[in-house]
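Laboratory data are not the source of any read-out in this text; all were calculated from the coordinates shown. Everything quoted here is computed from the prediction, not taken from an experiment. Cβ placement follows ideal geometry from the backbone for every residue including glycine, while neighbour counts extend to all protein chains displayed.
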Amino acid sequence: DTAVSQTPKYLVTQMGNDKSIKCEQNLGHDTMYWYKQDSKKFLKIMFSYNNKELIINETVPNRFSPKSPDKAHLNLHINSLELGDSAVYFCASSQAGGQPQHFGDGTRLSIL
Amino acid sequence: AQSVTQLDSHVSVSEGTPVLLRCNYSSSYSPSLFWYVQHPNKGLQLLLKYTSAATLVKGINGFEAEFKKSETSFHLTKPSAHMSDAAEYFCVVSLLTGGGNKLTFGTGTQLKVEL
């Protein structure tokens with residue numbers, strides 16, 4: 001069973017479109033995260049939710065809106081996609097208290 | 001504030017020889033430190049973690065890391081490299097926030113293993 005699963009794995013779309021990436025974890029963790037990995041493989045946190053509440057919101061354009069319908073899911077919706085949004089987006093989850101995070105396999109977003 | 005510096009962007013070793021990936025950290029608090037590995041087109045997998053218990057930490061696949069507070073280092077080692085170790089390695093420092101932990105990643109070290 002996949003612990004943290006993201007869909008889709010690949011997403012190719014045009015500038016200006018709106019798209020969503022879904023994430024689900026079956027580990028029973030309380031906290032979920034979204035990270036962006038750029039073309040130089042640098043990883044930076046975007047958002048974190050604990051029990052459906054937003055707790056970390058880094059400097060991310062408000063075109064990015066996370067939504068957590070329950071603590072096992074954290075989806076990422078992106079409006080008006082721009083060329084600079086091309087990256088690999090990783091979802092992760094963890095228990096509270098500094099426990100290690102478990103990552104999904106990533107969604108590679110390419111903007112044409 | 002916290003930060004991580006990975007001193008080498010690329011490391012190349014021969015199969016069967018030792019691996020050393022270097023990491024220095026900066027943290028205002030007693031840090032939690034991790035090493036993650038990323039194979040091509042895959043997510044990140046936890047190799048090992050340091051959380052203020054033993055300073056020598058053993059991880060999966062024969063890797064280990066030693067926490068040295070005086071040197072603010074957390075270098076990753078393996079006695080004998082295997083071809084399957086070729087991947088990107090990230091040193092990570094963690095800051096606890098309300099309900100979760102905020103990870104700050106190093107810029108990564110790409111490990112190449114040659115025959």
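Bridgeable lysines around residue A:52 (alpha carbons under 17 Å apart, same-chain partners fewer than 8 residues away excluded): A:22, A:67, A:71, B:102. Counts of other chain beta carbons within 10 angstrom of each beta carbon in peptide B:48-59 average 1.
Sequence gap at least 6, Cα distance under 8 Å: using those rules, report the relative contact order of chain A to the nearest whole percent. Mind showing how you got there, number by number?
Details: 276 pairs, mean separation 41.3, N = 112.
Normalised by residue count, the contact order of chain A is 37 percent.
Going by how many other Cβ atoms sit within 10 Å of their own, how do B:109, B:51 line up, fewest first? Please report the intermediate quantities before stating the final value.
Values: B:109 22, B:51 17.
By the 10 Å Cβ count, ascending: B:51, B:109.
Per-residue mean of foreign Cβ neighbours for A:90-102 is 5 (Cβ atoms of other chains, 10 Å radius). Label positions at residue B:30 and residue A:80, each projected 7 Å from the Cα along the C-beta direction, are separated by 4.8 nm.
For the stretch B:1-89, GluC sites (Glu not before Pro) meeting the loop criterion (DSSP other than H, G, I, E, B) and having at most 11 other Cβ atoms within 10 Å: B:71. Sorted fewest first by neighbouring Cβ atoms within 10 angstrom, A:29, B:10 come out as B:10, A:29.
Spacing of the modelled spin labels on residue A:51 and residue B:17, each 7 Å from Cα toward Cβ, amounts to 5.3 nm. Under 16 Å of direct C-alpha separation, and excluding same-chain neighbours fewer than eight residues apart, residue B:49 reaches these aspartates and glutamates: B:64, B:66. Among A:15, A:46, A:32, the largest mean-square fluctuation in a Gaussian network model of chain A, built with springs joining Cα atoms closer than 10 Å, belongs to A:15.
Partner lysines whose Cα lies under 19 Å from the Cα of residue B:112, excluding those fewer than 8 positions away in the same chain, are identified as A:40, A:41, B:42, B:78.
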